[in-house]
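*Asks:* Here it is, the structure in full.
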Amino acid sequence: MHKLRGFTLLELMVVVAVAAIVLTLGVPQFGEFLRNSRRAELSTGLFSALSQARTEAVVRNTEITVAPSGESWTAGWRVFIDTNTNGLFDSGDTAVAEYDIVHDDLELITDPETTLLRFQRSGRANQTVRFTLCAKTRAHTREVTAEVSGRISLRDLGDLSDSGFAARCGSA
């Protein structure tokens, strides 16, 4: 006589219960993981764009402009040679690079509020600008800074005690 193989109803119910518990615990963390990954991607992309703009200014011996692609920095940004120095990418300007952002759930704040950043042929910037990519908590907030000296830095605000976090991102 040969035995039937399969699962009992009790075994199936235990598997479904364990799967439900795992999904209940895992799905919220996965969503936060995706938001943190997007935030890291955006801040690293901005850091790279600013570094590239500074390098291109020195190599090409000309002023390079970094400006938002759309109405704000959250739409992406463009690195270009602004031949008429109006701060806008026009038909006579030369594109160096363009970075499009497809994540509309991220908040990027500039301090001071600015619509462009220029790197001179010496590699120096026309102003110091701090780009803060806000998260719900300081631990997941990242900041890219371009200083007048031309130094570009990227840091996680969770690593530091920074009293200006709440003022910049509107949360504690």
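*Asks:* Pull up segment 97-124, narrow it to residues that are part of a strand (DSSP E or B) and under 25 Å from Thr62 (Cβ atoms), then point me to the one that is modelled with the lowest pLDDT.
*Replies:* Asp100
*Asks:* Among the candidates Thr44, Thr65, which residue alone is outside any helix (DSSP H, G or I), within 30 Å of Phe131 (Cα to Cα) and touching a Leu at 6+ places or on another chain (Cβ under 9 Å)? Break it down stepwise before answering.
*Replies:* Working: Thr44 fails: outside any helix (DSSP H, G or I).
Criteria check complete, one pass: Thr65.
*Asks:* Another one. Among the listed residues Arg35, Arg39, Arg5, identify the single one that is over 30 Å from Ser153 (Cβ atoms) and of a type in the set (D, E, K, R).
*Replies:* Values: Arg35 fails: over 30 Å from Ser153 (Cβ atoms); Arg39 fails: over 30 Å from Ser153 (Cβ atoms).
Only one candidate passes the filter, namely Arg5.
*Asks:* Then there's this: Please state which of the following conditions Glu11 fails to meet, knowing it meets all the rest: (1) more than 27 Å from the chain's Cα centre (by Cα); (2) of a type in the set (D, E, K, R); (3) modelled with pLDDT of 90 or more.
*Replies:* (3)
*Asks:* Among (1) part of a helix (DSSP H, G or I); (2) at pLDDT below 90; (3) small (Gly, Ala, Ser), which single condition is Ala53 missing?
*Replies:* Ala53 satisfies all of (1) part of a helix (DSSP H, G or I); (2) at pLDDT below 90; (3) small (Gly, Ala, Ser) except (2).
*Asks:* Can you name the condition, by its number, that Thr74 falls short on among (1) touching a Lys or Arg at 6+ places or on another chain (Cβ under 8 Å); (2) within 30 Å of Asn36 (Cβ to Cβ)?
*Replies:* So the condition that Thr74 fails would be (1).
*Asks:* Does Val59 satisfy the criteria of being in a helix (DSSP H, G or I), within 27 Å of Gly150 (Cα to Cα) and without any contact (Cβ under 8 Å) to a residue 24 or more places away in the chain? Can you show your working first?
*Replies:* Working: in a helix (DSSP H, G or I): yes; within 27 Å of Gly150 (Cα to Cα): yes; without any contact (Cβ under 8 Å) to a residue 24 or more places away in the chain: yes.
Yes; evaluated as a whole, the condition is true for this residue.
*Asks:* In this structure, is Val27 β-branched (Val, Ile, Thr), outside any loop (DSSP other than H, G, I, E, B) and surrounded by 15 or more Cβ atoms within 10 Å (Cβ to Cβ)?
*Replies:* no
*Asks:* I want to confirm something. Restricting to segment 149-163 and keeping residues that are surrounded by 12 or more Cβ atoms within 10 Å (Cβ to Cβ) and more than 12 Å from the chain's Cα centre (by Cα), which single residue is modelled with the lowest pLDDT? Before the answer, list the steps.
*Replies:* Kept after step one, since they are surrounded by 12 or more Cβ atoms within 10 Å (Cβ to Cβ), are these residues of segment 149-163: 150-158, 162.
Those left that are additionally more than 12 Å from the chain's Cα centre (by Cα): 150-153, 157-158, 162.
Numbers: Gly150: 95, Arg151: 96, Ile152: 96, Ser153: 95, Leu157: 78, Gly158: 70, Asp162: 53.
This residue is Asp162.
*Asks:* Going residue by residue through segment 17-37, is there one that turns out to be touching a residue at least 24 places away in the same chain (Cβ under 8 Å) and basic (Lys, Arg)?
*Replies:* yes
*Asks:* Let me ask something else. Within segment 125-147, restricting attention to residues that are closer than 21 Å to Ala40 by Cα and aliphatic (A, V, I, L, M), which residue is modelled with the lowest pLDDT?
*Replies:* Here the answer is Ala139.
The values are calculated or read from the model by the stated rules, or taken from the named source; none is laboratory data. Bear in mind the structure is a predicted one, so any value in this text is a computation, not a measurement. We place every Cβ from the backbone using ideal geometry, glycine too, and count neighbours over all the protein chains shown.
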